[in-house]
Amino acid sequence: MRPDSSRTAPGAERRRPPCVVVTGVAGVGKTTVARLLAKRLNVPFADGDDFHSPAGIAKMSAGTPLDDTDRRTWLESIGRWLHERDAAGTGAVVACSALRRRYRDTLRAACPSAFFLHLTAARELLADRLGRRTGHFMPPSLLASQLATLEPLEPDERGAELDTTPAPGTLAGLAADLLARQP
């Protein structure tokens, strides 16, 4: 009798690709690490900055932080994008500041399985990175407001924190290993 090729060996089930939100303040390296992680996981990538409205970009470019009303539609758009990838089974990685618990809750409502990878760095390193960054609408002057807004992941949130001192490629590898160990 031939073995049934439609079955997989016990414990060898194919894992569903994860939906990951790479979070943190401006200058922490969200986009770089998220892009590398998506490539490593072979899943779609999106930059949360691409979901901002023109009015939101203009506001930030002028040095004015977004308020929760500004952020609501932005977060809902990112949540829909994550939900669609999760429903399709493709997984995804998105770079999105998601600085407050309620912002992450909005994303989690759209994609309950989302894993939040919170990137951290010393204030001095962040200021240095932002001071050298070109071609981005977020001015270094908004770092203080982002740090003041930041609410680190809480113990009941599915996710992990990584310090961004290592090189981005190393961080993407650490993140992929961490995700592989998730139930």
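The values are calculated or read from the model by the stated rules, or taken from the named source; none is laboratory data. These figures come from a predicted structure and were not determined experimentally. Ideal geometry is used to build each Cβ from the backbone, glycine not excepted, and the neighbour counts take in all protein chains shown. In case anyone asks, the SASA skips ligands and DNA or RNA and just uses the protein heavy atoms, side chains included. Shrake-Rupley method; radii C 1.70, N 1.55, O 1.52, S 1.80 Å.
Among the residues examined, ALA160 qualifies as small (Gly, Ala, Ser), in a strand (DSSP E or B) and either at pLDDT 90 or above or over 15 Å from ALA38 (Cβ atoms) (or both).
Go over the candidates ARG85, ARG80 one by one and state the one that is over 24 Å from LEU171 (Cα atoms) and either open to solvent by 60 Å² or more (accessible area, probe 1.4 Å) or at pLDDT 95 or above (or both). Unique residue meeting the criteria: ARG80. Candidates are the residues of the range 110-142 that are touching a Ser or Thr at 6+ places or on another chain (Cβ under 6 Å) and modelled with pLDDT of 85 or more; the one that is most open to solvent (accessible area, probe 1.4 Å) is ALA121. Within the option set LEU66, LEU41, being in contact with a helix residue (DSSP H, G or I) (Cβ under 9 Å, 6 or more places away or on another chain), surrounded by 20 or more Cβ atoms within 10 Å (Cβ to Cβ) and more than 26 Å from LEU171 (Cβ to Cβ) holds for one residue only, LEU66.
The conditions of being open to solvent by 20 Å² or more (accessible area, probe 1.4 Å), in contact with a Lys or Arg (Cβ under 7 Å, 6 or more places away or on another chain) and among the small types (Gly, Ala, Ser) are not met by ALA92.
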